[in-house]
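The values are calculated or read from the model by the stated rules, or taken from the named source; none is laboratory data. Quick caveat: nothing in here was measured; it's all calculated off a predicted structure. Cβ coordinates were reconstructed from backbone atoms using ideal geometry, including for glycine residues, and neighbour counts include every protein chain displayed. Note: accessible area is taken over every heavy atom of the protein model, side chains too, but ligands, DNA and RNA are not part of it. Shrake-Rupley method; radii C 1.70, N 1.55, O 1.52, S 1.80 Å.
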Amino acid sequence: MPSETELLTALFAAAMGGALSPRSLAAPADEVATWEDFLSVLSEMTHADTVQMQLVENGRPLQFWQVGEDRDGLNMAESGQMRTSRVYSRSDLPAGLTPASETCPLRALRWRFGPDAWGVITLRRRSEDFRAIDGQHMSNLLPYLAPAVQGWQRRARERWQAALEHQICAGFGSGWVLFSPSGLVSDMADGLAERLEAVAGIRLSADGRFVLLEENARALREALSELTRDPTGTPVLWLSSAPPVQMMLSVENGDLLGRVRHEMSARALPLSQVMAAFNLNRSEARLAVALCDGLSLSEAAEKLGWTLESTRTTSKRLFARMGVTGQPGVVRAMYQSVVWSRMEI
C-alpha cells in the first residue's frame with residue numbers, strides 16, 4: 001500500500017507535470033503524471049472502488065476526474081454547503097448532494113483554491129464502510145490540495161500562452177533555431193521544422209544539420225564561424241532564396257540563436273477570417289488573397305477559373321470595400337491586418 005509520502009508525491013507530480021513513481025503506479029519513470037494517477041494512489045491507499053475529483057469555479061463545474069467504477073458525481077450545485085475543514089460520510093453530507101437511491105459507503109472532502117472556487121474529492125465503496133484511517137488520509141491532504149490545484153492552473157495557463165505565442169509567430173512566418181558552433185541544430189521552435197520543409201523543402205539531415213543548397217550552407221557555416229570569433233555581430237543570410245527564407249544570427253545568453261522568417265501565403269489563411277476582417281464576400285476574399293500573394297488580375301483570373309472581365313468587376317468591389325485604390329493597397333491592408341495571427345498551422 002502506498003505511504004503518505006507517495007500520496008503527496010503523486011499529488012504534486014500531477015499538479016506540476018512531474019514523472020510518475022514506478023513503485024506506486026507501475027509505470028515508466030519518464031511518463032508524465034496526471035490527476036487520474038494521483039486518484040489511483042488514493043484509491044489504492046483507501047481501498048475505494050471509485051474516486052472522483054471535481055473543481056467548481058463561480059458556481060459552475062470546471063473539471064472532473066474519476067478512477068474506478070463508473071458513478072455519477074456529486075451534485076456540485078449543493079457542494080457550496082460543505083465545510084472545508086472536515087471529511088464527510090454519507091450520513092452527514094448536506095441534503096441533495098448524492099442521489100437518494102444510492103446507499104454505498106462514501107467519504108467526501110472539500111477545499112478552496114480561490115475566492116469563489118473549490119474542489120471536492122469523493123471516495124465510494126460497494127459494501128463495507130471506510131476505516132477511520134481512510135478519513136485521516138483525506139484530512140492530511142487538506143494543506144496541500146489548494147497549492148497543488150493553483151500550481152496546476154498556472155502551469156496550464158503558461159502552456160496555453162506558449163501555444164498561443166507559437167501560433168502567432170507561425171502565422172507571421174517566424175521561428176527560432178539554436179545552433180551548436182559546428183552548425184548542428186540543437187533545438188528549434190515547435191513546428192518550425194515542418195513549416196520549413198513544407199514552405200521551402202528545407203529539412204534536417206540525420207546528423208541534425210539543415211540540408212541547403214551549397215551556397216546557402218556555406219554562408220551559414222561562415223556566419224556561425226564569424227559569431228564564434230565576434231559574438232557581438234548579427235549576420236543575416238538566406239537559407240533559401242526561392243522561396244525566400246531568411247535568418248538573422250546572434251549570440252544571446254551564450255547560445256547561437258537564429259531568428260527565421262519564411263514566406264507567407266495569404267491563400268493559406270482561413271478564408272472566413274479574411275472575409276470577417278474586411279467585410280468581404282467569398283469571391284472578394286478569394287481575389288484579395290490571390291492579389292496579396294503577388295498575382296496580377298489576369299493571373300488571379302486564371303488561378304480562380306474566372307473571366308478577366310468578372311475579375312476586374314470583383315476587384316472594383318474589393319477595392320471599394322477595403323478603401324484602397326489598387327492592388328498595392330490590398331497588399332498593404334492585408335499585411336497590416338491581424339488575420340495572420342490566427343493562421344491555421
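Maximal additional length on extending the I168-A156 stretch stands at 2.5 nm, based on 0.36 nm per residue less the C-alpha distance.
Sorting I133, I121 by solvent-accessible area of protein heavy atoms yields I133, I121, largest first, with a 1.4 Å probe.
Calculated on the alpha-carbon coordinates, the convex hull of the stretch 83-164 measures out at 135 cubic angstrom per residue. Charge dipole of the stretch 165-241 (Cα centre as origin; +1 on each Lys and Arg Cβ, -1 on each Asp and Glu Cβ, all else neutral): 120 debye, rounded to the nearest 20.
Over the stretch 221-315, the hull volume per residue, using the convex hull of the C-alpha atoms, is 126 Å³. Relative to the Cα centre, the charge distribution of the chain, modelled as +1 at Lys and Arg Cβ and -1 at Asp and Glu Cβ, gives a dipole magnitude of about 1180 debye. Dividing the mean sequence gap of close Cα pairs (under 8 Å, 6+ apart) by how many residues the stretch 39-81 holds gives a relative contact order of 33 percent. Rolling a 1.4 Å probe over the protein chains gives D207 an accessible area of about 90 Å². Diffusion of the chain by Stokes-Einstein, at 10 °C in a medium of 1.306 mPa s and with Rh set to the Kirkwood radius over alpha-carbon pairs, works out to 63 µm²/s. For the stretch 235-275, just say rounded, prolate or oblate: build the C-alpha gyration tensor, square-root its eigenvalues into a ≥ b ≥ c, call rounded for a/c under 1.5, and beyond that prolate if a/b exceeds b/c, oblate if not. Judged from the Cα gyration tensor, the stretch 235-275 comes out oblate (a/c at least 1.5, b/c at or above a/b). Give the average over all directions of the projected area of the C-alpha convex hull of the stretch 117-261, one decimal, in nm². The directionally averaged projection comes out at 14.9 nm². Each distinct pair of alpha carbons in the stretch 265-324 adds a 1/r term; the inverse of their mean, the Kirkwood radius, is 11.3 Å. Each Cα pair under 8 Å and six or more residues apart adds its separation to the average, and for the stretch 267-326 the resulting relative contact order is 32 percent.
Pairs of Cα atoms nearer than 8 Å and 6+ residues apart set the relative contact order; for the chain it is 11 percent.
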